[in-house]
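Heads up, the thing below is written out as structure tokens.
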Amino acid sequence: MSGGHGHALYRPGDSAVHRLPAHVKVLALLAFVLVVVATPREHYWAFGAYALLLAGVAAIARVPARVVVARMVVELPFVVFALLMPVVSQGPRVDVLGLSLSEPGLLTGWNILAKGTLGVVASILLAATTDVRGLLAGLQRLRVPDRLVEIASFMIRYADVVAGDMRRMRIARESRGFQARHLGHARVVAQGAGALFVRSYERGERVHLAMLSRGYAGSMPLTATAGAGRADWLRGATLPLAAGVVAVLS
Amino acid sequence: MIEVSLEVAGLAFAYPDGHQALFGVDLTIGRGERVALLGPNGAGKTTLVLHLNGILSGGVGTVRVGGLEVRPGDRDTLREIRRRVGIVFQDPDDQLFMPTVRDDVAFGPANLGLRGAELDARVSEALDLVGMGDVADRPPHHLSFGQRRRVAVATVLAMRPEILVLDEPTSNLDPASRRELHDVLDSLDVTQLVVTHDLPFALQLCPRSVVLSGGAVVADGATADVLGDADLLAAHRLELPYGFDPRSVAPGRP
């Protein structure tokens with residue numbers, strides 16, 4: 001929980017990828033993912049080419065492979081799901097290593113795995129090369145509704161505070177001899193969660209007061225962010241364009 | 001005639017649930033004065049503070065800041081009032097809500113319409129006043145509590161307020177941070193109203209003290225005199241720390 005937010009994902013650097021304005025990167029990611037998802041699953045080598053493109057971006061951004069791999073654990077639930085597909089699906093069966101697997105299931109599993117992994121890796125690269133503040137400003141530039149950007153911003157700012165509250169409450173519980181051992185203890189934990197909600201809600205009201213006191217009138221001032229020049233857009237377009245070429249050729 | 005920063009006249013207020021918090025408060029603070037607002041819990045201190053910039057309203061009486069009357073219905077006036085009254089809230093985590101210290105200090109002046117170089121200059125000016133210029137790019141929650149409190153002061157100084165209002169500024173501070181905060185506040189050339197239970201801090205920082213109790217002003221005078229009046233303190237649940245004798249220390253410079 002140390003630092004516990006964007007900083008944990010962000011790897012400071014000064015590469016070409018780092019310098020690209022955040023909103024360009026967000027759009028590039030979106031376009032790339034769209035191309036990947038639109039590629040028919042039977043075009044196997046296209047996915048290899050996409051992976052190579054991402055590896056290229058990672059190399060330029062100097063994000064080491066082990067960092068990317070370590071962060072890919074967020075994908076695990078999907079991997080499990082993808083691995084189950086060949087076993088539980090219907091249709092013609094094929095024998096692989098003595099297991100009878102469903103052929104459409106294998107394809108579906110591969111589809112989820114390949115597209116999911118590419119999307120996750122691309123997002124990891126975005127997060128590793130864009131600091132939180134830039135990302136929020138980028139979303140604001142992309143005309144994401146102000147309310148959503150504000151909510152994201154507050155979430156980032158207060159994740160630590162609320163986690164700290166939660167930890168203190170747990171320590172206070174345990175200091176009085178409580179250990180959550182069986183389901184009957186869920187009630188105590190749930191009450192803690194309720195108290196945490198009320199506390200956070202009240203904090204929200206106090207924060208709003210503090211904002212009003214400093215002249216907040218319904219919208220966050222857009223604090224300085226660099227706009228994107230033609231060169232930035234061109235550089236940002238490289239990845240989705242290359243992916244598009246691959247998709248067309250495959 | 002001295003110029004007046006804050007003028008509260010006949011202010012009374014009851015919360016919607018019927019609880020009457022203020023019963024006709026009168027308080028005048030001249031420009032450049034430093035006044036401690038003392039009083040037990042539940043005396044109405046916070047209620048009074050929230051009236052100063054029009055967050056609470058609807059009772060009787062008037063509040064004027066630098067001659068301008070707080071009229072809650074009037075948005076333009078309210079904006080100017082909130083620029084003139086800089087409130088530093090008790091919990092810096094409530095006050096610092098932006099991703100970096102720089103953004104947070106910029107929040108107020110940006111709401112006032114400042115942009116670009118002018119905004120940057122205002123931010124560094126405010127951070128330098130509290131000696132926090134070198135943390136501008138850090139996220140607030142990576143700072144120590146004392147640092148956060150000082151940054152919270154900077155966030156309102158950046159609006160160049162007519163009067164700085166501090167709610168329990170020394171709560172949760174260790175003695176070194178407390179002294180540092182004192183030095184920062186002492187160096188500021190701005191009218192200050194310091195709401196506190198910390199009587200030695202009031203004596204150190206504020207030549208004048210006002211005691212609010214039961215929603216009314218019950219004493220108003222030199223801090224040394226107020227703290228020296230044992231009967232007054234006892235009647236209003238104010239207590240000096242063990243072993244502290246206000247007559248034994250020199251009060252802060254007037």
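The values are calculated or read from the model by the stated rules, or taken from the named source; none is laboratory data. Note that the structure is predicted; figures quoted are calculated from it, not measured. Note that each Cβ is placed from the backbone with ideal geometry, even for glycine, and that neighbours are counted across all protein chains shown. With ligands, DNA and RNA removed, areas are computed over all heavy atoms of the protein, side chains included. Shrake-Rupley method; radii C 1.70, N 1.55, O 1.52, S 1.80 Å.
Please get the size of the charge dipole for the protein assembly as shown, origin at its Cα centre, with Cβ charges of +1 on Lys and Arg and -1 on Asp and Glu, quoted in debye to the nearest 20. Could the numbers behind the result be given before it?
Numbers: 51 positive and 49 negative charges, 365 e Å.
Computed about the Cα centre, the dipole is about 1760 debye.
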Quiz prompt | Carbon plus sulfur fraction of accessible area for segment B:178-249, probe 1.4 Å, in percent | solution = 48 percent
Quiz item: Under a no-solvent Debye model with one identical scatterer per Cα of the protein assembly as shown, what's log10 I(q)/I(0) at q = 0.11 Å⁻¹?
Solution: -1.01
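For peptide B:109-115, how many partner chain Cβ atoms fall within 10 Å of a residue's Cβ, on average? Walk me through the numbers on the way to the answer.
Numbers: counts 3, 7, 8, 3, 2, 1, 4.
Whole-number average of other-chain Cβ neighbours for B:109-115 is 4.
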Quiz prompt | Theoretical FRET efficiency, 1/(1+(r/R0)^6), r = Cβ-Cβ of A:GLU205 and B:ASP229, R0 60 Å, to 0.05 | solution = 0.95
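If you take the square roots of the eigenvalues of the alpha-carbon gyration tensor of chain B and sort them as a ≥ b ≥ c, do you get rounded (a/c under 1.5), prolate (a/b over b/c) or oblate?
It comes out oblate by the Cα gyration axes.
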Quiz item: What share of the DSSP beta bridges in the protein assembly as shown is antiparallel, in percent to the nearest 5?
Solution: 60 percent
Quiz item: Which FRET efficiency value, to the nearest 0.05, is calculated for A:HIS182 and B:PHE244 with the Förster distance at 41 angstrom and r the Cβ-Cβ distance?
Solution: 0.20
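Apply the a/c threshold of 1.5 to the C-alpha gyration tensor of segment A:97-250 and tell me whether it is rounded, prolate or oblate. Present the calculation step by step, with values, prior to reporting the outcome.
Details: a/c = 3.40, a/b = 1.21, b/c = 2.80.
In terms of gyration-tensor shape, oblate.
Mean residue ellipticity at 222 nm from the helices of chain B, using -39,500 (n - 2.57) per DSSP H segment of n ≥ 4 over the full residue count, to the nearest 500 deg cm²/dmol? Provide the component values of the computation, followed by the final result.
Values: 10 runs with 92 residues, N = 254.
It comes out at -10500 deg cm²/dmol, rounded to the nearest 500.
Please identify the DSSP H helices in chain A that span no less than 20 Å along the helix axis (Cα) and have a mean Kyte-Doolittle hydropathy of 0.5 or more. Write out the running numbers ahead of the final one.
Values: long enough: A:22-38 (24 Å, 2.55); A:44-61 (26 Å, 1.73); A:103-129 (39 Å, 1.09); A:146-175 (43 Å, -0.07); A:186-213 (40 Å, 0.22); A:230-249 (27 Å, 1.02).
Membrane-span-like by this criterion, though nothing is claimed about a membrane: A:22-38, A:44-61, A:103-129, A:230-249.
To the nearest 100 Å², how much accessible surface do chains B and A hide from each other in total, with a 1.4 Å probe? Don't skip to the end; give the middle numbers.
On the way: alone 11780 and 15660 Å², together 24860 Å².
In total, this chain pair buries about 2600 Å².
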Exercise. Send over a whole-number figure in Å² for the accessible area per residue of the protein assembly as shown, probe 1.4 Å.
Key: 49 Å²
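Per-residue ellipticity at 222 nm for chain A, helices alone: DSSP H runs ≥ 4 residues times -39500 (n - 2.57), over residue total, nearest 500 deg cm²/dmol?
After summing the helix terms and dividing by the residues of chain A, the value is -23500 deg cm²/dmol.
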Exercise. Name all residues of segment A:19-35 having a backbone nitrogen under 20 Å from the label point set 7 Å from the Cα of B:ASP120 along its Cα→Cβ direction, giving them as ranges.
Key: A:19-22
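Evaluate peptide B:75-84: per residue, the Cβ atoms of other protein chains within 10 Å of its Cβ; return the mean as an integer. List each step's numbers first, then the result.
Details: counts 1, 0, 0, 3, 2, 1, 2, 6, 2, 0.
Mean shielding count: 2.
Assuming 1.002 mPa s and 20 °C, estimate D for segment A:21-175 with Stokes-Einstein, Rh taken as the Kirkwood radius over Cα pairs, in µm²/s. Provide the component values of the computation, followed by the final result.
On the way: Rh = 18.5 Å.
Taking Rh from Cα pairs, D becomes 116 µm²/s.
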Quiz item: Simple spin-label model, 7 Å along Cα-to-Cβ: A:TRP45 to B:VAL218 in nm?
Solution: 9.0 nm
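What ranking do A:162-172, A:112-122, B:212-222 get when scored by the average of other Cβ atoms within 10 Å per residue, highest first? Intermediate results must be reported in sequence, preceding the final value.
On the way: A:162-172: 13.7, A:112-122: 19.5, B:212-222: 17.9.
Packing order, densest peptide first, comes out as A:112-122, B:212-222, A:162-172.
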Exercise. Over the alpha-carbon set of segment B:123-254, divide Rg by the Kirkwood Rh and report the Rg/Rh ratio to two decimals.
Key: 1.00
